[in-house]
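**Q** Quick one: structure below, then a few questions.
The values are calculated or read from the model by the stated rules, or taken from the named source; none is laboratory data. Predicted, not measured: the structure shown is a model, and the values here were computed from it. With ideal geometry, Cβ positions are generated from the backbone for all residues, glycine too; neighbour counts draw on all protein chains shown. Note: areas computed on protein heavy atoms with side chains; ligands, DNA, RNA excluded. Shrake-Rupley method; radii C 1.70, N 1.55, O 1.52, S 1.80 Å.
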Amino acid sequence: MKNLSKRAGISLVALIVTIIVLIILTAAVIVTFMEGGIIDRAKESVFKSDIRTYQEILAVKRAEEQIKLATGNGEEELKLIDKTITGEEIKDILPEFKVEEYGELIEVANGEIVAKKELDEEVMQEKWLIELGIGLGSKIGNIGIVHNDIIPEGGTYYKGIKSVDGPEGTPVYMVGDYSTAEEVFSEGDNFPNLETGDVYVYGDYEYRYNSELTSMYYIWNGDIFKNGWGVAVREQNKSEYGDILTTINGSNIISMRATFCGFGNLENAPSIPNTVAILGETFLSTSITQAPIIPGSVTDMGFTFSSSSIVNAPTIPSNVIYLDHIFEGCASLTGTIEINSNTSNYSGAFIDTVQPITLTGSSTKLAEIAATANNGNVTVATK
């Protein structure tokens, strides 16, 4: 009997110890779970996935409406073009839309996802809108794709490549020529320190740091852009290309000057990263018909779509400084174009266009810009 009582006492102590250990472990798991941001990361992942899905669905529906508009069929059925839709109304064209979760954050303007202007930066940050690449009232462009720290699978980094003399002694770096590289870093290596002329090859593109050359067939002879990457395409004859990175080795993609210039087979333009400032000549003489969204970071759109097959133009953001010859020779361009830039650099913006075009937007220069057309086909919308 005495031994039985002793064993019972030991069992009770063991049980208490076990319970205490379980409580400690449970508390540790809860703390780790909360502090590790697992819930927030899961919500963020779902949010970004939903926004991507919404944007893809809307892009298809907007394209269908633009075809109807261009052909004059079913204009009365248009639900997206030149319209702003909010709240429950979004579900009429996007049944999947989660009104309760996202209705206070975004709206649909002209077929694109837009952050509501009444939001403040704190709310936007909290809801991951900034990470999606948008500011207040700005349209979603390319969701940021960042390559920092470790070079991922498929990436190769060339360092120490020497330039050659271009026109008037301009230093240029030839696309595809890595023969003078002093060091080569590949998958699993750390990204090295940045230097002018560094090359990062990944996917469809070659990225050059502080480089004059931003296209396989085009050499820019103007000012060298500083502290950023330019983008060149590795293969010319494809109809569409993959996503463009946003940041490499701690520095942003800022120039897409002439990236696709002369690409006659290009049918679908990739999204423009929200870090890009230079889009001069980017789609000049290409066969694209639908323009990508232009992020608010862009300042240079000189000759961007000149002599292309573009039918529907993008909204021109307010920060754009250069609109010279942006749509020159675009014989298929038609419809309404929103221009919010007050630039004085717009010479020849619509020269040699022929289809009816109506300008709208907040720009104070709409009449002057319309007057650059030489066929009388460009007018300003009446208010």
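**Q** Identify all residues within the range 361-371 that are open to solvent by 70 Å² or more (accessible area, probe 1.4 Å), in a loop (DSSP other than H, G, I, E, B) and in contact (Cβ under 8 Å) with a residue 12 or more places away in the chain; write none if there are none.
**A** Ser362, Thr364, listed by residue number.
Here's the yes/no breakdown for (1) buried (at least 22 other Cβ atoms within 10 Å of the Cβ); (2) free of Cβ contacts under 8 Å to residues at least 40 places away in the same chain; (3) of a type outside the set (D, E, K, R):
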residue: Gln236; (1), (2), (3): no, yes, yes
residue: Ser239; (1), (2), (3): no, yes, yes
residue: Asn249; (1), (2), (3): no, no, yes
residue: Asn274; (1), (2), (3): yes, no, yes
residue: Glu281; (1), (2), (3): yes, no, no
residue: Leu284; (1), (2), (3): yes, yes, yes
residue: Ala291; (1), (2), (3): no, yes, yes
residue: Val298; (1), (2), (3): yes, yes, yes
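**Q** Just to verify a result, which residue in the range 304-331, among those that are farther than 16 Å from Ile293 by Cα and small (Gly, Ala, Ser), is surrounded by the fewest Cβ atoms within 10 Å (Cβ to Cβ)?
**A** Filtering the range 304-331 for residues that are farther than 16 Å from Ile293 by Cα and small (Gly, Ala, Ser), the one surrounded by the fewest Cβ atoms within 10 Å (Cβ to Cβ) comes out as Ala331.
**Q** Also, I was wondering about something else. Can you tell me which residue among Thr379, Thr358 is in contact with a helix residue (DSSP H, G or I) (Cβ under 8 Å, 6 or more places away or on another chain), surrounded by fewer than 19 Cβ atoms within 10 Å (Cβ to Cβ), in a strand (DSSP E or B) and free of Cβ contacts under 8 Å to residues at least 24 places away in the same chain? Spell out the reasoning first.
**A** Values: Thr358 fails: in contact with a helix residue (DSSP H, G or I) (Cβ under 8 Å, 6 or more places away or on another chain).
It is Thr379.
**Q** Quick one: which helices (runs of 4 or more DSSP H) sit completely within the range 17-134 and have at least 2 residues that are at pLDDT 75 or above?
**A** Passing ranges, in order: 38-71, 90-93, 99-102.
**Q** Being open to solvent by less than 20 Å² (accessible area, probe 1.4 Å), in contact with an Asp or Glu (Cβ under 9 Å, 6 or more places away or on another chain), more than 15 Å from Lys48 (Cα to Cα) and modelled with pLDDT of 75 or more: is that true of Ile161 here?
**A** So Ile161 passes the test.
**Q** Out of Asn193, Asn227, which single residue is at pLDDT 70 or above and within 21 Å of the chain's Cα centre (by Cα)?
**A** Values: Asn193 fails: within 21 Å of the chain's Cα centre (by Cα).
Residue meeting the stated conditions: Asn227.
**Q** Shifting gears a bit: Can you find, within the range 332-344, the residue that is farthest from Val298 (Cα to Cα) among those that are at pLDDT below 95 and open to solvent by 50 Å² or more (accessible area, probe 1.4 Å)?
**A** Only one residue tops the list, namely Thr336.
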